Amino acid sequence: LDTAAGRLKGAAASKSLQEHKNGGKIVGHFVRDLLQDNANLQLGMAELREMLINSNDEIQSLRDQLIHHQPMPSDSSRASTLRAELEPLLEAPPASQELHI
């Protein structure tokens, strides 16, 4: 909004300079060119600011994705295969088949 307000002020000042021909034409053109350059610079700054904000958001998104995609820390005591995980269960002593009454 500040950029739009600055551009409107610049356009209004430029138009008022064109209507008042009391000053020299050279000075009027110079001031009008300065106001136009100022408006263009403000617009360029707003575009750059928007690009910077967008790139910062994208960088933060990539950082978040990187955190979520980190490999799990390797634990040497953890089994690496299903067979290695199930072996202790298979090696358990069989339950007694005796029935006591």
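The values are calculated or read from the model by the stated rules, or taken from the named source; none is laboratory data. Just so you know, these numbers come straight off a predicted model, no measurement behind them. Because the Cβ atoms are built from the backbone with ideal geometry, glycine has one as well, and the counts that use them run over all protein chains shown.
Of the residues in the range 67-78, not one is part of a helix (DSSP H, G or I), at pLDDT below 80 and out of contact with any strand residue (DSSP E or B) (no Cβ under 8 Å at 6 or more places or on another chain).
Taking the criterion of being of a type in the set (Ser, Thr, Tyr) and closer than 29 Å to Gly10 by Cβ, the only residue of the range 41-73 that qualifies is Ser55. The C-beta contact set for the range 24-36 (first residue without any contact (Cβ under 8 Å) to a residue 40 or more places away in the chain, second residue among the hydroxyl-bearing types (Ser, Thr, Tyr), distance under 8 angstrom, 6+ apart or interchain) comprises Val31/Ser14; Arg32/Ser14; Leu35/Ser14; Gln36/Ser14.
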